[in-house]
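A short worksheet on the structure shown next.
Nothing in this text is a laboratory measurement; each read-out follows from the coordinates by a stated rule. Keep in mind it's a predicted model, so treat the numbers as computed, not measured. No Cβ is skipped: glycine too gets one built from the backbone with ideal geometry, and neighbour counts run over all protein chains shown.
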Amino acid sequence: NGTKQASIQEQRRELPITSGKDALLDEIRDNDVTILIGETGSGKTTQVPQYILESGISGKGMIAVTQPRKVAATSLATRVATEQNTSVGGLVGYSVRFDEASSEDTRIKYVTDGMLVRELLGDTLLSRYSVVIVDEAHERTLRTDLLLTNLKSIQKTRNAPADAKGKGSVAKLNPLKIVIMSATLDAEKFSKFYDNAKVIYVKGRQHPVTIYHTAISQPDFVDAAMRTFFQIHTDQPPGDVLIFLPGQEDIESLDKSIKLYADRLPKDSSGIVVCPMYAALPPGQQAKIFSPAPQNTRKCILATNIAETSITIPGIKYVIDTGKCKEKRYIARDSGTGFDTLLTKDITKSSAMQRAGRAGRESIGFCFRLYTEESFKALPDSAEPEIRRCALSSSLLQLKCLGQDLEQLDFMDKPDWEAIASALKTLYLLGAIDNQKHLTKLGRDMAVLPLEPHLARAVVASQECGCTLEIIDIVSVLSASSKLFFDSTDEREAAAEARRKFRHSSGDHMTILNVVRSYQEIVASENKSGRKEWCKKQFLNDRCLSEARDIRDQLREVCVRMGVDWRSSCGDDEQPVLRSLVRGLVQQAAFLQPDGSYKQLMGPSIVKIHPSSSLCDKKVPAIIYDELVYTSHIYARGVSSVPRKLIAEVSVFKNKNIG
Ligand code: ADP
Ligand code: MG
């Protein structure tokens, strides 16, 4: 451990940011807002919070470091705790949705931007923090933008001179420093937003990277990535490979193909270790990414855009860039409301450059773009901020709780008027605001739950219906980051057979509940490997189920704090469960047409029930669903039948409009 610590400290000293440490601290000490720009891997995220802590600038307060992604927050906190020779949750902690490691000793806390926005609800001045570091600011997530706006006004209050406020105040005693960090050079906008704040640049270490494009476009990018990887593996000198893919499914499919293909290589070829890296990856598997590959073995990391700037992986010499990413996009419904969905789409020039840069951190590198040079030239320069393209209902609800109005806030980029109107309508239909747009008691209760508004609505409704136990179980599975059922193409029949056991005649939500109940029995009787084995046999995703258990525990805790009895149960009666779900999913309802298809209650679309649903070959008068899948048809996935006596209640919503 002693030698390991020494080598970690040696690594720290060699980071590019080390040489600028004193100058940087002087700037932070002298300015309320500092903007720090530096190449990925220069040491911003891991070092700056430690510098601030050690310099005493943070005083008695805590330092918050925000990250757009959960896995970045947890893995960076773990790393920094190690650098401080402690374990995570002590001096260095983290707090992300449904997971927290911190204590009274915590001074540096890595948090998701969403968590810090949530903390505002309980502490509108963020008074526990003396320094807030907004990291990865260039990603411009919706929550980051909300924070940038709120931090600006919080700082005005907390840093105001005591006499300007009359009788002294917390202000003078508890000033706030803001540090904004980013890997891209587009800093001017941040500086302008914060009254021309000082911008500081850290020089990074970047070696030349040779970039290759394909001659023709590659529609099957997973296959193209595999071929390119094996060309590198057989023809090129040692060095690890980083492959950028859009999402978890592509990563898992490429992981499989690489392993299959590798088995066929000649016995004397060097080995391959494949390491996936995506948002839902369990913490235990993250460490593998940072440890060097064994002798004569090439490491191949399959990552989403998380490896673009948030997490620096050492040892990369080759980058393969599919040119794709997943992006949250708002899909408008004609009814004037809408929802977010994740779409695979082309990256931006700025992302393509970041991705290539990952090959040149330690020595010269190579980047293989699986798209043509013309395609690259046609890419947009940078992404549109989320606030301009995502659903605003959940943020709007939080702002309402803070007594703020989306329309009147000072944002770096203002949201569209239509997006605001749609969010207002959603909240109105859910009963979170009244027709004067005022927050209701119901809305306040919903905001306390760390869930999307429609799911929060179902949980609140479950109190009345007496089925909180059941609704929390269902909502936890729906909020997990991976899917419950594996779609096995190889063993389709066996998978369908296994699934039939859990089927409930009312549809997929009660089916989920049946799965959760069976799983709970297994958890009580089996150890971890027994559970895994059971899940595998049932074609269930054990990762989803164990994550859902953590979420469930958190939601139960929140209920206790709200004074809600989470134990209230309806036993085997599905009616109360469906009644609660209907309250949350009114906007996701559809009615049977004479021709056997379903027409949306609040929208023009004709939808079909997804083949994976237990209702897929049934006809029921009305359905509610979790999401729509757009292929050649529009499919409703996660479907339940609306009980007959609730149909009238649902239909009423069609004509409800905000005043
Ligand atoms: P920046 O924020 O400027 O991109 P970081 O502070 O994230 O840079 O990274 C600094 C260094 O710390 C990098 O060399 C990176 O490889 C290393 N590092 C970060 N997290 C870990 C980890 N979990 N294990 C080992 N090394 C890590
Ligand atoms: Mg960083």
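Applying 1/(1 + (r/R0)^6) with R0 = 60 Å to the Cβ-Cβ distance of Gln295 and Lys654, what FRET efficiency is obtained, to the nearest 0.05?
0.35
If each of Ala378 and Ser7 carries a label point 7 Å out from its Cα toward its Cβ, how far apart are those two points in nm?
4.8
At a Cα cut-off below 17 Å, give the lysines reachable from Lys345, other chains included and same-chain residues fewer than 8 away excluded.
Cα-Cα hits under 17 Å: Lys324, Lys326, Lys328, Lys377.
Tell me, Asp263, Asp445, Asp553 in order of fewest to most beta-carbon neighbours within 10 Å?
Asp263, Asp553, Asp445
Taking the Cα centre of the chain as origin, sum charge times position over the Cβ atoms of Lys and Arg (+1) and Asp and Glu (-1), and report the length of that vector in debye to the nearest 20.
Magnitude of the dipole: close to 520 debye.
If you take the square roots of the eigenvalues of the alpha-carbon gyration tensor of the stretch 531-650 and sort them as a ≥ b ≥ c, do you get rounded (a/c under 1.5), prolate (a/b over b/c) or oblate?
Since a/c reaches 1.5 but b/c is at least a/b, the shape of the stretch 531-650 is classed as oblate.
Using θ = phi - 60° and the Karplus relation 6.51 cos²θ - 1.76 cosθ + 1.60, list the HN-Hα couplings for the stretch 550-564 in order, rounded to whole Hz, with x at every Gly or Pro.
Per residue, the Karplus-derived 3J(HN,Hα) values read 5, 4, 4, 4, 5, 5, 4, 4, 4, 4, 4, 5, 7, x, 9 Hz.
Just report the Cα centroid separation between the stretch 261-326 and the stretch 436-457, whole Å.
41
Run the reach check for Lys608 against lysines, Cα to Cα strictly under 16 Å, same-chain hits fewer than 8 apart removed. What comes back?
Partners within reach: Lys599, Lys618, Lys619.
Report, please, the projected area of the chain averaged over directions, based on the convex hull of its C-alpha atoms, in nm².
31.4
Say each of Thr344 and Lys203 gets a label point 7 Å from the Cα, pointing the same way as Cα to Cβ; how far apart are those two points in nm?
The two pseudo-label positions are separated by 4.2 nm.
Excluding residues on the same chain fewer than 8 positions from Lys267, give the lysines whose Cα lies under 17 Å from its Cα.
Qualifying lysines at Cα under 17 Å: Lys259.
Any chance you could run the full-extension gain for Glu627 through Ser103? It's 0.36 nm times the residue separation minus the Cα-Cα distance, nm to one decimal.
184.8 nm
Given H placed 1.01 Å from N in the peptide plane, which residues other than close sequence neighbours of Asn305 have an amide H under 5 Å from its amide H?
Answer set, sorted by chain and number: Lys326.
Amide H of Leu176: which non-local residues (sequence gap of 5 or more, or other chain) have their own amide H closer than 5 Å, using H built in the peptide plane?
It is Asn159, by chain and number.
Testing the spin-label approximation: label points 7 Å from Cα along Cα→Cβ at Ser191 and His438. State their distance in nm.
Those two pseudo-labels are separated by 4.6 nm.
Tell me, which longest segment in the chain has none of the GluC sites (Glu not before Pro) that fall in DSSP loops with at most 11 further Cβ atoms within 10 Å?
My reading of the result: 105-659 is the longest stretch.
How large is ³J(HN,Hα), in whole Hz, for each residue of the stretch 316-321 in order, when computed from phi with the Karplus curve 6.51 cos²θ - 1.76 cosθ + 1.60 and θ = phi - 60°, using x for Gly and Pro?
7, 10, 10, 10, 10, 10
Could you tell me what percent of the DSSP beta bridges with both partners in the chain are antiparallel, to the nearest 5?
Of all bridge pairs located within the chain, approximately 35 percent are antiparallel.
Work out the FRET efficiency for Ser529 and Arg567 from their Cβ-Cβ distance, taking R0 = 30 Å, and round it to the nearest 0.05.
My answer for the efficiency is 0.50.
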